[in-house]
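The values are calculated or read from the model by the stated rules, or taken from the named source; none is laboratory data. Remember, it's a predicted structure, so these values are computed and weren't measured experimentally. Heads up, the Cβs are rebuilt from the backbone with ideal geometry, glycines too, and the neighbour counts pull from every protein chain shown.
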Amino acid sequence: MSLEKYALKRFVEIIPVLLIVLFIVFLMLHLIPGDPAKNILGIMATPERLEQLRDTLGLNEPIYKQFYRFIGRLMIGDLGRSIRYMAPVTMLIFARLKVTLALVFLAGILCVIFSLPISLYAAKKHGKFSDYSIGISSLFVFSMPEFWTGLLFLNIFALKLGWLPTGGWGTGLLDNLYHLILPSLILGLFLTALVTRTLRSDMLEVLQKEYIRLARTYGFSDIKIYTKYALKNALLPTITVIGLNLGWLLGSSVVIETVFSLPGIGAMLLDAVIVRDYPLIQGISLIFALAIMLNNYVVDIIYGFIDPRVYRT
């Protein structure tokens with residue numbers, strides 16, 4: 001099988017999985033307690049007004065009809081109207097999507113900047129104090145809850161030292177990046193800790209291979225052995241870890257955006273869940289699911305470039 005056929009096959013497999021995910025989310029939304037009509041009209045609303053609003057929103061129809069109507073609108077790019085904001089879900093999502101994407105992207109960049117040199121250094125100092133210190137520090141960072149770390153860093157760097165803003169969103173590109181430094185650093189710390197431990201372990205395994213020992217006998221420098229020969233093969237499991245943890249990053253962005261008052265879709269999802277805004281929850285869940293699946297798709301294609309055996313078997 002060629003790489004092109006493999007890529008097409010993996011892309012086609014996304015469609016049924018996405019439909020299954022959407023159905024599960026749709027079913028769970030209608031099984032959890034809560035009434036969107038009561039959230040809109042309040043507890044003092046009369047039963048007649050509540051029933052009228054449920055009919056208007058289509059909540060009295062059977063679940064399968066509601067899901068069928070949702071898929072039908074989805075086919076033409078319509079995600080419905082938000083119950084809370086009374087605006088198209090598509091417009092609401094795209095208005096806030098840039099904040100979440102910027103946050104996750106910067107967190108990923110910081111992860112690569114920090115984890116790559118730290119992992120190589122830990123592998124080179126295997127068994128020494130530096131190696132143990134990095135391992136213990138990574139485990140400690142990974143074990144800390146995101147909201148606690150966010151509040152801790154917020155108190156130190158924003159309130160006490162005054163180096164960074166306490167939260168919110170800026171008014172321009174540079175101001176926006178300035179507001180994202182602290183939240184993206186916190187979000188990237190956890191992934192950095194995980195990637196550092198994974199890449200260090202894989203590097204140590206690769207460094208025991210026969211071709212690495214042969215390269216040493218030829219007098220190749222450690223820098224060339226580590227970066228040109230060992231790192232390429234050690235990156236395969238690490239790419240998997242990064243790809244699989246995109247969903248974790250998106251989930252953690254809900255907490256980080258809430259702590260730092262960022263106007264992203266993570267914070268909007270939390271508000272939508274509280275008021276049972278079904279169309280908005282479904283739309284954001286679709287974006288999250290699609291992002292995770294496309295990320296896994298890209299990881300598979302990268303695998304194919306690095307190791308052709310992936311699609312030839």
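Ile109 falls short on exactly one of the conditions (1) closer than 15 Å to Leu185 by Cβ; (2) aliphatic (A, V, I, L, M); (3) touching a Leu at 6+ places or on another chain (Cβ under 9 Å), and that condition is (3). With respect to Ala230, determine if the residue is farther than 30 Å from Gly168 by Cα and either part of a helix (DSSP H, G or I) or modelled with pLDDT of 75 or more (or both). Yes. Residues in segment 185-227 that are within 28 Å of Leu139 (Cα to Cα) and in a helix (DSSP H, G or I): 27 in all. Looking at (1) more than 23 Å from Met203 (Cβ to Cβ); (2) hydroxyl-bearing (Ser, Thr, Tyr); (3) surrounded by 19 or more Cβ atoms within 10 Å (Cβ to Cβ), which is the one condition that is false for Ser119? Unmet condition: (1). In the set Leu262, Leu269, only one residue is part of a loop (DSSP other than H, G, I, E, B), surrounded by 16 or more Cβ atoms within 10 Å (Cβ to Cβ), at negative phi and in contact (Cβ under 8 Å) with a residue 12 or more places away in the chain; that residue is Leu262. Residue selection: Val99 satisfies the criterion of being surrounded by 14 or more Cβ atoms within 10 Å (Cβ to Cβ) and touching a Leu at 6+ places or on another chain (Cβ under 6 Å). Can you find even one residue in segment 158-178 that is in contact with a Phe, Trp or Tyr (Cβ under 6 Å, 6 or more places away or on another chain) and in a helix (DSSP H, G or I)? No, segment 158-178 has no match at all. Looking only at segment 188-196, decide whether some residue is over 19 Å from Leu250 (Cα atoms) and either touching a helix residue (DSSP H, G or I) at 6+ places or on another chain (Cβ under 9 Å) or among the polar types (S, T, N, Q) (or both). Yes: segment 188-196 contains one or more residues that are over 19 Å from Leu250 (Cα atoms) and either touching a helix residue (DSSP H, G or I) at 6+ places or on another chain (Cβ under 9 Å) or among the polar types (S, T, N, Q) (or both). Residues that are within 19 Å of Val259 (Cβ to Cβ) and surrounded by 13 or more Cβ atoms within 10 Å (Cβ to Cβ) within segment 122-146 comprise Val141, Phe142, Met144, Glu146, listed in sequence order. For segment 142-156, the count of residues that are assigned to a loop (DSSP other than H, G, I, E, B), of a type outside the set (D, E, K, R) and more than 21 Å from the chain's Cα centre (by Cα) is zero.
On the stretch given as segment 1-15, residues that are assigned to a loop (DSSP other than H, G, I, E, B) and at pLDDT 75 or above total 1. In segment 64-91, how many are loosely packed, with under 14 Cβ neighbours inside 10 Å, of a type in the set (A, V, I, L, M) and not in a loop (DSSP other than H, G, I, E, B)? Number satisfying all stated conditions: 3. None of Ile256, Ile284, Ile274 is of a type in the set (Val, Ile, Thr) and more than 30 Å from Ile71 (Cβ to Cβ) except Ile256. The number of residues in segment 224-259 being surrounded by 23 or more Cβ atoms within 10 Å (Cβ to Cβ) and over 19 Å from the mean Cα position of the chain (by Cα) comes to 2. Would you be able to say whether some residue in segment 217-231 is among the aliphatic types (A, V, I, L, M), free of Cβ contacts under 8 Å to residues at least 12 places away in the same chain and under 28 Å from Ile265 (Cβ atoms)? Taking every residue of segment 217-231 in turn, none turns out to be among the aliphatic types (A, V, I, L, M), free of Cβ contacts under 8 Å to residues at least 12 places away in the same chain and under 28 Å from Ile265 (Cβ atoms). The numbered conditions (1) surrounded by 15 or more Cβ atoms within 10 Å (Cβ to Cβ); (2) touching a helix residue (DSSP H, G or I) at 6+ places or on another chain (Cβ under 9 Å); (3) in contact (Cβ under 8 Å) with a residue 24 or more places away in the chain are all true for His179 except (2). Contact map, segment 73-94: residues that are under 18 Å from Val273 (Cα atoms) and modelled with pLDDT of 80 or more paired with residues that are of a type in the set (Ser, Thr, Tyr) and part of a loop (DSSP other than H, G, I, E, B), Cβ distance under 8 Å, separation 6+ or inter-chain. Pairs shown: Pro88/Ser82; Val89/Ser82; Leu92/Ser82; Leu92/Tyr85.
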